1. Can you tell which of Ile77, Ile137, Ile67 is within 27 Å of Ala225 (Cα to Cα), surrounded by 18 or more Cβ atoms within 10 Å (Cβ to Cβ) and at pLDDT 90 or above?
2. Yes or no: Asp93 of a type outside the set (Ser, Thr, Tyr) and in contact (Cβ under 8 Å) with a residue 60 or more places away in the chain?
3. Of the conditions (1) basic (Lys, Arg); (2) at pLDDT below 90; (3) farther than 20 Å from Lys112 by Cβ, Lys156 satisfies every one except a single condition; which number is it?
4. Hey, does the range 50-60 have a residue that's loosely packed, with under 13 Cβ neighbours inside 10 Å and within 28 Å of Thr139 (Cβ to Cβ)?
5. Do you know which of the residues in the range 109-134 that are modelled with pLDDT of 90 or more and under 17 Å from the mean Cα position of the chain (by Cα) is most open to solvent (accessible area, probe 1.4 Å)?
6. Taking the range 1-28 on its own, how many of its residues are buried (at least 18 other Cβ atoms within 10 Å of the Cβ) and in contact with a His (Cβ under 8 Å, 6 or more places away or on another chain)?
7. Might you check whether a residue that is open to solvent by less than 40 Å² (accessible area, probe 1.4 Å), at pLDDT below 95, in contact with a Lys or Arg (Cβ under 8 Å, 6 or more places away or on another chain) and among the β-branched types (Val, Ile, Thr) occurs anywhere in the range 80-102?
8. Enumerate the pairs (first residue in the range 52-67 and at positive phi; second residue anywhere and assigned to a helix (DSSP H, G or I)) with beta-carbon separation below 7 Å, excluding pairs fewer than 6 apart on the same chain, so at least 6 apart or on different chains.
Amino acid sequence: MEHILLVEDDPRLSRSLSEQLQAAGFACTQVYDGDMALRAVGGQRFDLILLDLSLPGKDGYAVCKEIRRTDRQLPIIVITAFSDIDDKMNAFDLGADDYLVKPVHFQEVLAKVRVFLKRREPSTETNDRIVVDDLEIDTTKRTVTREGRSIELAPKEYNLLVLLARRAGKVFSKDELAEQVWSDSHAVSNNTIEVYISFLRSKVDKGHARKLIHTRHGFGYTLSADQS
């Protein structure tokens, strides 16, 4: 049974979500502030975290950042009243995998939870290394290197890079990237895609004479060692 950590300081909402998650077949541990969340993560294994941003003690941003220092794979879905785009981008930059704005419907939460738990299931793929020129991705260890030097990526950045690298040379439209990297493509703006491509370029291509991430104006983006 998958175990979900629910970090929410509103007792009524926490109780409601917990009861519905358990009815859907999940184990659920409830905590009510950021410090409790970090102690819980340090003391036991969870398969996914539902995280509010406005919390007593350490806020959700600090919790997300702290977890990502040691665990790059644990799915973190933010559920918050903060609807500003800057709050959303900050959460993604710190390592959140998805972002829901309150009030939320449980069926939407459940759909997100199932999507990310499905992604954590062991892959049947035999090729766990992707190599494009001097870029190497180990999909088992979820590590990225270029010219042998490690590159630290947030989860969304990593997923975006893997998608581009697995189909090196293919041009992906923004709609295709949104559909395959974000679980709710309708909520992802073109600007968000552009921001994440910029993040990747700064981490993967900056300082290298040979660029791997290319824009095909009017069509989308591709990863390729071909400079043409």
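1. Ile137
2. Working: of a type outside the set (Ser, Thr, Tyr): yes; in contact (Cβ under 8 Å) with a residue 60 or more places away in the chain: yes.
Here the answer is yes, as Asp93 does meet what is asked.
3. Going through the list (1) basic (Lys, Arg); (2) at pLDDT below 90; (3) farther than 20 Å from Lys112 by Cβ, Lys156 breaks only (3).
4. no
5. Filtering first and then ranking leaves Arg114.
6. Of the residues in the range 1-28, the ones buried (at least 18 other Cβ atoms within 10 Å of the Cβ) are 4-8, 14, 17-18, 21, 26, 28.
From the residues that got through so far, the ones that are in contact with a His (Cβ under 8 Å, 6 or more places away or on another chain) too are 26, 28.
Residues that pass the stated criteria total 2.
7. Yes, the range 80-102 contains at least one residue that is open to solvent by less than 40 Å² (accessible area, probe 1.4 Å), at pLDDT below 95, in contact with a Lys or Arg (Cβ under 8 Å, 6 or more places away or on another chain) and among the β-branched types (Val, Ile, Thr).
8. Gly57/Gly34; Gly57/Asp35
The values are calculated or read from the model by the stated rules, or taken from the named source; none is laboratory data. Just so you know, these numbers come straight off a predicted model, no measurement behind them. Quick reminder, even Gly has a Cβ in these numbers, built from the backbone with ideal geometry, and neighbours come from all protein chains shown. What goes into the accessible areas is simple: the full protein's heavy atoms, side chains included, and nothing from ligands, DNA or RNA. Shrake-Rupley method; radii C 1.70, N 1.55, O 1.52, S 1.80 Å.
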